[in-house]
Each structure stands twice: as structure tokens, then as C-alpha cells.
Ligand SMILES: Nc1ncnc2c1ncn2[C@@H]1O[C@H](COP(=O)(O)OP(=O)(O)OP(=O)(O)O)[C@@H](O)[C@H]1O
């Protein structure tokens, strides 16, 4: 809880005020029993009662009103405090995810991340809105009254509470096992949600490849495992709580036996007994309720642990420098690995400002990784990537991205209108600029076909557009962004020859006057590049212009011959 409060950074006054009121509510709830027994004691002993009957009635009514008022105000204050706290907490979690290295986001399952941001954060919220407050309120007032009861008759108090340590020890013993199982269950739940998201998003491919049945089998096996582990959690969690309740209720039996024994020996004050008989049940009630809150609290603690682990995921060091202008891009002895194996080894090259460099090479040679390093999806383990002589790690990320434009293979679009998607490139761009970008990116033909033109909705991730249209839209977006350095990744890979031709022309428009680094598969599109880097197993094998590389008769010449055939 401390960690959540510290993370949130919001004032917690309302929460403490609410907690105080909830404790007061409990005190108001039990006080009438004490007043009643005091009054009874006076009445039975023939003394003039300290409180007259009407006054007692008024006191009881006032206590009831106080209880209701504290309950209402306490709940309100707790809710307000808790929701305010959670606004801060949510902001921090989302902010952290927003600043995670792009490579980390790529690695994580979307379903997994979504479950943390929605389910887990909701669970933590419940700690503050319900569970913890109820738990503290439930436990604090009985402790106070136990002190008074002990003052009235310590022997009966002892008898009532003798089983409490046993109950707590039992509950604690099951805690480790419950937490371990709970953790396994939660991991399984998240993996299963990730799998379901993957299943739903990939359903088209799975059906085309007739792979729906094996996937459903896989999901069924997950559900069965989930059922198994859930039963285990319930058995241990539920079982240990039943044991705790049984132990606590054993306190009532012990109270009865002790009272009988004391009465036999003539050592029981009947009035003390009346008080215990009235209050004992009320005293145990919140402690019994607390057990139910404890199970929830444990699940929430697990959820908080997962959020904390996500928040502990290191961010890339953030620089503060800004670029006056984007100049030459350079890789200096860059080596990089995702896991154990090196994907790029000692890569060095320079891309002059305003020139075009193409990266070619066999599949898996590290071409995309190279672009991703320039876009700071990750930082290299050795060497440096520089722009205008500055290590990009020293740059403010926002400033870095201001200088970079991207057209990647997996075009990401949002569920909105075409215009909204375009304006991501340059928010606030005027109509003329948008129209010019669309024309330069060859979007006009398909815009003309859409009934609402730029106001047409494109569906989730642009489902209503074809592959070529999506590519051209992303090129228009990059044109609008007008960044001096352009990163292109296989922009022509997934479309037919006619669309490829249009995309190529759109790209030529986009490339004019910019520094371009492009991963290319179709070698004829890069014949005029200022420089071609041929990557093989993470190393630059050949480097030069098209004609020079052909003359070298190496890997590039072999790839060219193969494609020309
Ligand atoms: N996120 C990742 N985690 C671990 N390994 C990765 C990751 N991305 C790529 N790799 C591995 O790094 C190597 C280089 O991948 P990369 O995508 O850079 O190659 P590429 O030359 O662009 O390939 P292609 O032409 O097929 O797209 C491959 O062996 C790949 O399996």
C-alpha cells in the first residue's frame, strides 16, 4: 500500500479522514452495548442510574445518528481519496508504459500488457476503495473494546481471545502456499488472455491455414490448467479461511466454558457476564469478516506486484540535448544482441545528409534491427549511433523523433477517420498541406472512391483499407511530418506490381531532399541509391554503389542475378 501511495504522488488526506470516520462508525456501533450494560448494572444494584431512561434513549439515538453520519461521510471520503489516489497511480503506470523502450513493447504480448493496465490496476484500486479501509476499520474498533472488556474482566476476555493467535498462525501458514499458487494462476490467466487476443487477431490467417482446431485445442488445454490451479487456490485460500473462522468461533465456546467454571466457583460477576454475552458476538463479527477481505487483499497484493514489476522495467536513459539540424547519420562500431547471439557485429557506416542508403541482405541478416537501433527501439551494447555527430542516447527522445520519419512494413493505423490518421504526422496541418501530401503519396485515387473522402472511418488498424492503401496513407503521413531523416522498411513488400509502382513513386516524392535509410528487398528500386550496404549475419559484407557492387561479383551481384532472372 505504501508503494502505491508513494507512486501516486497525490494527497492522501481524504483517505485518512475517511479511515478515521470509518473507525468512529464502528465505535458508535458498539458503544450502545456498554451504555446499556452500565445502565443495567445500576438498575439491578438498586443504585440511581447515572443516565435516566430518557437520557439513555437520547444517547442511543445520538449514537445511531453518529454511526450513520460517520458511515456516509467516511465512505464518501474514502472513495474520493481512493479514486484520487488511483488517478495518480494510473497516470504513473500509463506514463511508464508510454516511455518503455519500443523494443520492450514489441516483445510483450498485447493481451498481457492490457491485463496489467486494466485488470490489475482495477484490483489495486479496490484495495483502497473497499478492502483495506474495511479491514482496518473492522480490526481497529474491536481492539479498542477488547481493552475495555479486559478492564471489566480479564479472565473472560482471555477466554474469548485465546483462540485468536491460533487462528492467525493458521492463516499465515497457508499464506505462502496461497501466494505461490495465486501467482501461478495469475501468470496463467495473463498468458491465456494473451493467447486469446492472438487467436482473435490472427483468426483470419488461422482459418485460411486450417489451423483453428489445433489452436482451440491449445486454448482448451489452457482453460483446463486454469481450472485446476483455480481449484487449488480456492481449496487452500477457502480452506485456511474456514479454519480461521472456526478457531475464532471457538473463542465463544471457550468464553462459555470459562463463565460456567467461574460461576460454579462463585467468582463470576453476573453484570460482567451480561456485558460479555452482549458484546462478544459483535466483537468477533468484524474479525470474522476480515478473513474474507484478507483473501481479496492477497490477490490484490499479487496484482500490485505485477504492476511494480512492469514499472521496474528499465527505461532507456533519456538525454537532454537537442539537434539544431539533422546532419550525417553514422553507426560507429555498433554491436547488438537481443538475447545471447549477436545480431549486429561491429557495424560502421556513414550516411551523408540528403543522401540515400539502402540496406540489403539475406533474411535474418539484421536489416530491420539496424533501423530499429536508429529509432531507439533499443540501445546497442557496444558502439554508438550518431546524428550530426551526437550520440542519439544523449538526445531528448522527443527531439530525436522530430527528426525521424518512418514508413515501416507493419503500418499502424488507429480507428478513426483518414484525416485523423494523417494528422498524427503533423497535428494542426492545414487542408492544403494534407491535400498536397495525399496527392504526393498517390492517395487521391482511393480517396476519390471513398464516399466520405478524408472523413471516412477506416476501422480498427485500418481494416477497411487494402495493403497498398495503408502503405500510401503511411507515406502521406510521413510527408506531412516532413522529418529530415527517413527510415523505410520493406515498404513495397506486400502489394501487387501496380500498387508497388505507385508506392515507389510516392516514396520518391517523400525521399526528395531527405536523408534516407531504406531496407530493400527489390534491388531494382535501389539502383540509384548513393550507397548500398550488404549485410550478412550481422556484418557489413559489401558497401558501395550498384555498379561497383556488381563489379565486385560478390553477394550483391549474386542477389541481383537471382532477382533479374
Ligand atoms: N525482438 C526480437 N527478439 C529476439 N530476436 C529477434 C528480435 N527481432 C529480430 N530478432 C532476430 O534477430 C535477427 C535479425 O532480425 P532482423 O529482423 O533484423 O533481420 P532482417 O534482415 O530484417 O530479416 P528480414 O529480411 O527477414 O526481415 C533474426 O535472427 C531474428 O530472429
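The values are calculated or read from the model by the stated rules, or taken from the named source; none is laboratory data. Given the structure is predicted, the values throughout are model-derived calculations rather than measurements. Positions of Cβ are backbone-derived with ideal geometry, glycine not excepted, and every protein chain shown enters the neighbour counts.
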Of all helices (runs of 4 or more DSSP H) fully inside the range 338-452, the set with 3 or more residues that are more than 16 Å from the ligand (Cβ to nearest atom) and without any contact (Cβ under 8 Å) to a residue 12 or more places away in the chain is 431-440, 444-449
So is residue 291 assigned to a helix (DSSP H, G or I) and in contact with a helix residue (DSSP H, G or I) (Cβ under 7 Å, 6 or more places away or on another chain) or not? yes
Here is a list: 305, 266. Which entry is over 29 Å from residue 524 (Cα atoms), in the same structural domain as residue 161 (by TED's automatic domain parsing), more than 16 Å from the ligand (Cβ to nearest atom) and outside any helix (DSSP H, G or I)? 266
Checked against (1) within 16 Å of the ligand (Cβ to nearest atom); (2) modelled with pLDDT under 95, residue 334 satisfies every condition except (2)
What number of residues within the range 355-387 are farther than 28 Å from residue 317 by Cβ and surrounded by 16 or more Cβ atoms within 10 Å (Cβ to Cβ)? 6
In the range 545-557, which residues are over 26 Å from residue 406 (Cβ atoms), more than 16 Å from the ligand (Cβ to nearest atom) and assigned to a helix (DSSP H, G or I)? 547, 548, 549, 550, 551, 552, 557
Selected residue (only one of 287, 316 is more than 16 Å from the ligand (Cβ to nearest atom), crowded, with 17+ Cβ neighbours inside 10 Å and modelled with pLDDT under 80): 287
